[in-house]
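**Q** Encoded as structure tokens, here's the structure I'll be asking about.
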Amino acid sequence: MKKIMLSLLCLSFFIQAGAQHYKNFKVSVYTRAYEVEKMKDSHWLDSTWRIISAQVQPDKIYLETHRDLLIVPDATLRKAIRFFREKGLEVGGGITYTIDESNSFETFCYTNPEHRKKVQEIAEHTARYFDDFILDDFFFTSCKCPLCIEAKGSMSWTEYRLKLMTEAGKSLVLEPARKVNPNVRVIIKYPNWYDHFQGLGFDLEHGPYLFDGLWTGTETRDPSFAQHLQNYLSYNVFRYLDNLRPGYNFGGWVDSGGSHMGLYRYAEQLWLTLFAKAPEITLFAYNQLLNQPELGKTASETFLLTDQFLGELGKPEGIASYKPFHATGEDFLQNYLGMIGLPMDMLPYFPTDKKVVLLTEQAKSDPFIANKIREQLLRGGDVVVTTGLVKAIPDQIASVAEVRCSDLKALIDDFGWNGKSTRQLLIPQVHYLTNDSWEIVSAGNPLTNGVTGYPILLRCQFAKGNMYVLTIPDNFADLYAFPDKALNMIRFFMSRDLDIRIEGPSMVGLFVYDNGTFIVESFLDEPVSVQVVLSGEQEKITELIENKAYSVESNKISITMEPHTFKVFKK
């Protein structure tokens with residue numbers, strides 16, 4: 001009897017230890033091969049884990065087997081796996097296929113037979129110990145050695161690398177890993193620079209179905225750093241990759257980059273990932289949490305806060321933006337639009353059930369885009385095309401309205417009755433036929449009491465619908481300088497599919513869900529007042545975290561946001 005009771009107590013302990021810490025998502029920690037290799041030292045392993053686990057409580061840990069030609073030995077892997085399982089954690093594996101990450105992220109050469117053999121050996125080694133493992137960011141190639149140059153032949157680098165890496169994924173990673181371990185799941189982690197993937201071999205058309213799932217890099221760090229990623233990308237990239245193969249985007253991934261700006265920047269990346277409904281969030285990495293314990297504390301506070309309301313949120317919605325596979329043009333523009341309060345929903349196909357479809361220059365790569373635009377307009381829908389697309393496919397656009405985007409520029413700061421921008425902005429000049437098209441928002445220098453102006457939002461009627469031309473400044477960030485009233489007009493015409501929109505300045509984001517819940521977030525460094533415009537008749541809505549009721553007057557509520565905060569509402 002005592003033995004039975006002891007067994008039940010032990011079982012209870014392991015069930016509790018292995019239980020998910022949060023109701024709506026799992027938390028994991030990724031560990032580089034450098035730190036996994038140190039886990040051969042029991043004292044180092046135990047003491048470092050004490051520091052990390054005192055700050056953050058993960059459900060799972062990923063142990064990397066290879067990075068920069070360091071392969072973690074079998075004995076060390078077995079020891080680390082046993083240690084963390086005894087702590088009640090799930091344990092997965094990881095691989096970073098780099099030769100020398102410090103040397104401009106030097107990748108393997110997948111044309112080189114010796115490198116290909118090593119890639120396969122690493123996959124087999126990892127599959128022996130883990131039933132699931134993640135390929136970190138670097139399963140791409142930037143190699144331009146003589147072997148690659150010869151093998152590429154007349155193909156473009158994009159064509160060659162897409163073909164090469166798709167083949168390498170199958171024959172060097174997936175097939176060998178599954179032969180060693182038939183139960184293994186191989187998950188590819190795609191980084192945050194999604195608009196440029198195809199140039200280095202990441203195949204978003206086939207990869208999400210080739211691999212057993214994907215992970216999303218949602219780290220945006222400091223926007224002034226080399227990639228210049230906008231905060232909103234932490235949400236937008238997860239939603240986009242989820243739309244590639246719904247249900248197989250298993251998690252988001254944030255590192256400590258940007259934390260020098262303040263811990264709010266770190267927390268913001270975490271909660272934006274969770275706003276996107278990521279089922280798991282990975283903290284990169286063990287060494288960062290060890291060296292900056294405040295990261296774990298900030299993460300735990302963020303997780304406790306968001307877990308209060310995430311279960312109330314429905315499926316994310318937004319303004320449909322069609323991005324064909326492997327398309328380039330006006331790169332990452334949707335993230336700037338998200339920063340001016342336009343909820344984005346990027347899709348790899350042209351939707352036929354939306355009232356409004358946004359087309360940036362990326363749509364030029366679809367040879368049938370003109371027909372798709374016409375069909376959308378004929379069924380009574382609207383299309384918003386950017387000036388980048390107008391310039392890229394002038395003849396196709398002219399079949400709807402004779403609009404041109406020339407090489408001429410205009411310096412503007414006056415939006416007439418819609419106010420003034422905070423600085424002078426350089427925009428492309430859009431030319432059209434009067435009364436065939438009409439300006440909804442205009443700007444000049446000056447426009448009020450001036451002599452000329454240029455369209456910012458141009459309406460072109462066609463059949464039952466409207467094609468709107470949205471003028472994009474040469475510097476995308478100049479969208480943030482548009483006056484509030486001009487932004488409000490743009491939001492009004494682009495938000496027909498949504499029951500909610502905001503009025504107010506830029507640098508305020510809106511996140512909308514299909515069950516009447518929504519989130520308003522300020523990315524600003526100072527307090528801001530915003531109005532939320534609701535459709536339908538209702539007297540009050542509730543802010544979920546504070547459980548506070550807001551009175552609705554003329555279909556609007558007024559809210560004040562503190563810097564870098566958010567409010568969650570339910571209609």
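The values are calculated or read from the model by the stated rules, or taken from the named source; none is laboratory data. The structure displayed is predicted, hence computed values, not measured ones. Glycine gets a Cβ as well: all are built from the backbone with ideal geometry, and neighbour counts include every protein chain shown.
**Q** Let me confirm something: among A477, A463, A401, which residue is touching a Cys at 6+ places or on another chain (Cβ under 9 Å), touching a residue at least 12 places away in the same chain (Cβ under 8 Å) and surrounded by fewer than 22 Cβ atoms within 10 Å (Cβ to Cβ)?
**A** Values: A477 fails: touching a Cys at 6+ places or on another chain (Cβ under 9 Å); A463 fails: touching a Cys at 6+ places or on another chain (Cβ under 9 Å).
On inspection, the qualifying residue turns out to be A401.
**Q** Looking only at segment 310-323, which residues are crowded, with 18+ Cβ neighbours inside 10 Å and outside any strand (DSSP E or B)?
**A** L310, L313, G318, K323 - these are the residues of segment 310-323 that are crowded, with 18+ Cβ neighbours inside 10 Å and outside any strand (DSSP E or B).
**Q** Among the β-branched types (V, I, T) and free of Cβ contacts under 8 Å to residues at least 60 places away in the same chain, is that true of T282?
**A** No, not satisfied.
**Q** Would you check which residues across segment 271-287 are among the polar types (S, T, N, Q) and either under 14 Å from I519 (Cβ atoms) or surrounded by fewer than 21 Cβ atoms within 10 Å (Cβ to Cβ) (or both) and list them?
**A** Result: T273, N287.
**Q** What are the residues in segment 370-396 that are buried (at least 18 other Cβ atoms within 10 Å of the Cβ), touching a residue at least 60 places away in the same chain (Cβ under 8 Å) and hydrophobic (A, V, I, L, M, F, W, C), if any?
**A** I373, L377, V383, V384, V385, L389, V390, A392
**Q** Scan F493, F511, F518 and give me the residue that is under 25 Å from V403 (Cα atoms) and outside any loop (DSSP other than H, G, I, E, B).
**A** Residue meeting the stated conditions: F493.
**Q** Continuing with this model, one more query. Can you tell me which residues in segment 130-155 are assigned to a loop (DSSP other than H, G, I, E, B) and within 31 Å of the chain's Cα centre (by Cα)? Full working, then the answer.
**A** Initially, segment 130-155 is screened for residues assigned to a loop (DSSP other than H, G, I, E, B), giving 130-131, 136-145, 153-155.
Result: F130, D131, D136, D137, F138, F139, F140, T141, S142, C143, K144, M155.
**Q** Would you be able to say whether some residue in segment 82-101 is surrounded by 15 or more Cβ atoms within 10 Å (Cβ to Cβ), free of Cβ contacts under 8 Å to residues at least 12 places away in the same chain, in the same structural domain as T282 (by TED's automatic domain parsing) and not in a strand (DSSP E or B)?
**A** Yes, that holds for at least one residue.
**Q** With the requirement that a residue be closer than 13 Å to V469 by Cβ and of a type in the set (S, T, N, Q), what does segment 387-405 give you?
**A** T387, the sole residue that qualifies.
**Q** Being farther than 30 Å from P246 by Cβ and assigned by TED's automatic domain parsing to the domain that holds R82, is that true of even one residue in segment 193-204? Let's see the steps before the verdict.
**A** In the first step, residues of segment 193-204 are kept if they are farther than 30 Å from P246 by Cβ; the result is none.
Scanning segment 193-204 turns up no residue that is farther than 30 Å from P246 by Cβ and assigned by TED's automatic domain parsing to the domain that holds R82.
**Q** So, one more: Pairs only if they're at least six apart or on different chains, beta carbon under 7 angstrom, first in segment 506-528 and within 11 Å of K571 (Cα to Cα), second aromatic (F, W, Y) and modelled with pLDDT of 95 or more; list them, first residue then second.
**A** Close Cβ pairs satisfying both conditions: T517/F569; F518/F511; F518/F569.
**Q** Still on this structure: When residues of segment 536-571 are filtered for being touching a residue at least 24 places away in the same chain (Cβ under 8 Å), assigned to a strand (DSSP E or B) and of a type in the set (K, R), how many remain?
**A** Residues meeting the conditions: 3.
**Q** On to the next question. For E546, work out the one condition from (1) within 30 Å of the chain's Cα centre (by Cα); (2) at pLDDT 95 or above it doesn't fulfil.
**A** (2)
**Q** Check every one of the strands (runs of 3 or more DSSP E) wholly within segment 156-267 and list those with 1 or more residues that are more than 17 Å from the chain's Cα centre (by Cα) and buried (at least 20 other Cβ atoms within 10 Å of the Cβ).
**A** Strands (runs of 3 or more DSSP E) meeting the threshold: 185-190.
**Q** Would you say T306 is touching a Phe, Trp or Tyr at 6+ places or on another chain (Cβ under 6 Å) and either assigned to a loop (DSSP other than H, G, I, E, B) or of a type in the set (S, T, N, Q) (or both)?
**A** Judged against the criteria, T306 is a match.
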